[in-house]
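The values are calculated or read from the model by the stated rules, or taken from the named source; none is laboratory data. Values in this document were obtained by computation on a predicted structure and should not be read as measured data. Every residue, glycine among them, receives a Cβ derived from its backbone with ideal geometry; neighbour counts consider all protein chains shown. Side chains are part of the model used for accessible areas, which takes the heavy atoms of the whole protein and leaves out ligands, DNA and RNA. Shrake-Rupley method; radii C 1.70, N 1.55, O 1.52, S 1.80 Å.
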Amino acid sequence: MKDTIFSAPIEKLGDFTFDEQVAEVFPDMISRSVPGYSNIITAIGMLASRFVTPNSNVYDLGCSRGAATLSIRRNVANVPNVRLIGVDNSQPMVDRAVQYLNAYHSDVPVEILCDDIRQIEIKNASMVVLNFTLQFLPPEDRLALLKKIYQGLNKGGVLVLSEKFNFNETAMNELLIDLHHQFKRANGYSELEVSQKRTALEKVMRTDSIETHKKRLQSVGFSKVELWFQCFNFGSMIAVK
């Protein structure tokens with residue numbers, strides 16, 4: 001279904017929420033809004049084929065409608081005794097993730113939970129995914145979550161962290177923001193839609209720089225941290241324990 005949520009003027013524009021309306025159009029919204037999203041989803045599956053080990057758990061924290069979970073599931077079919085856990089605090093997203101995953105037959109068990117990712121216990125994990133999730137947490141809660149993930153990962157386990165970034169150099173930051181808006185316009189969004197969505201996200205999505213992410217990941221114990229994908233001000237990092 002096509003995303004037209006911000007196509008008409010909204011008199012009282014509130015904060016962006018992952019409600020029923022957003023969940024319904026989410027695949028269209030994210031593919032037209034996040035450059036490289038489909039490549040990241042595909043690569044998460046490729047990373048799973050390398051890092052997921054037998055008798056371990058895999059967590060997709062902020063799983064939305066289950067795209068990354070499904071990509072992982074398809075790539076670990078031959079790994080014995082793997083359990084996938086997807087978590088999202090939006091019930092409409094969880095409902096659709098369950099439907100989406102049930103539409104594809106697999107012997108790899110998946111559990112989708114409607115919960116706050118800060119409350120989830122991470123244990124015996126060979127892979128954890130935060131795919132455009134951390135940026136929606138209050139900045140003061142991010143380090144504690146990453147510490148918990150690090151502690152719950154097995155040695156050799158991987159964290160995939162995809163985020164929208166900001167940049168310290170003002171001119172470069174403005175250029176990459178403008179290129180992102182151009183990307184959205186090229187995908188059919190109007191100036192009104194770009195503007196209204198940006199305003200709605202302003203208070204709920206607070207971005208960090210690549211340097212901040214790297215330092216934070218290293219501070220919790222990850223010795224190998226690298227940016228593996230970037231398109232404009234969006235990208236994805238891997239951190240190996």
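So, R0 is 35 Å and r is the distance between the beta-carbons of residue 50 and residue 204; what FRET efficiency does that work out to, to 0.05?
Details: r = 34 Å, r/R0 = 0.96.
Rounded to the nearest 0.05, the efficiency is 0.55.
Counting only Cα, what are the radius of gyration and maximum Cα-Cα distance Dmax of the range 1-91, in Å?
Using the Cα atoms of the range 1-91, the pair Rg, Dmax is 16.1, 53 Å.
Angle, helix 139-152 long axis vs. longest principal axis of the chain, Cα atoms, 0 to 90°, nearest 10?
20 degrees
Summarise the accessible area of the range 85-241 (1.4 Å probe, protein heavy atoms) by the percent that is carbon and sulfur.
Details: 3720 of 7590 Å².
In the range 85-241, the share of accessible area belonging to carbon and sulfur is 49 percent.
Stretched out fully, how many nm does the piece from residue 20 to residue 140 gain, at 0.36 nm a residue minus the Cα gap? Could you put the intermediate results ahead of the total?
Working: separation 120, 0.36 × 120 = 43.20 nm, distance 2.78 nm.
Fully extending the segment from residue 20 to residue 140 adds 40.4 nm.
Only helical DSSP H runs with n ≥ 4 go in: add -39500 (n - 2.57) per run for the chain, normalise by residue count and round the 222 nm mean residue ellipticity to 500 deg cm²/dmol.
Values: 8 runs with 103 residues, N = 241.
Computed ellipticity for the chain at 222 nm equals -13500 deg cm²/dmol.
Quick one: length gained pulling residue 181 to residue 215 fully straight, 0.36 nm per residue minus the C-alpha distance? Display every interim value, and only then the final one.
Numbers: separation 34, 0.36 × 34 = 12.24 nm, distance 2.84 nm.
Stretched out fully, the residue 181 to residue 215 stretch lengthens by 9.4 nm.
On a 0 to 90° scale, report how tilted helix 91-102 is relative to the longest principal axis of the chain, with both axes built from alpha carbons and the result rounded to the nearest 10.
50 degrees
To test your reading of the geometry: what angle, between 0 and 90 degrees and rounded to tens, separates the Cα axis of helix 20-33 from the longest principal axis of the chain?
Approximately 90 degrees, to the nearest ten.
Report the Cα-based extents of the chain along its three principal axes, largest first, to the nearest Å.
Here the spans come out as 51, 41, 29 Å, largest first.
In whole Å, how far is the Cα centre of the range 31-62 from that of the range 208-241?
The two parts, judged by their Cα centres, are 15 Å apart.
What does the highest-first list of 188-195, 61-68 look like by mean Cβ count within 10 Å? Walk me through the numbers before you get to the answer.
Numbers: 188-195: 14.8, 61-68: 25.6.
Ranked from most to least packed, the peptides come out as 61-68, 188-195.
Would any residue of the range 46-71 have its amide N under 19 Å from a label point 7 Å out along Cα→Cβ of residue 123? List them or say none.
53-61
Hey, what's the chain come to in accessible area per residue, 1.4 Å probe, Å²? All intermediate terms of the calculation are to be shown ahead of the outcome.
Working: 11590 Å² over 241 residues.
Ligands and nucleic acids excluded, the result is 48 Å² per residue.
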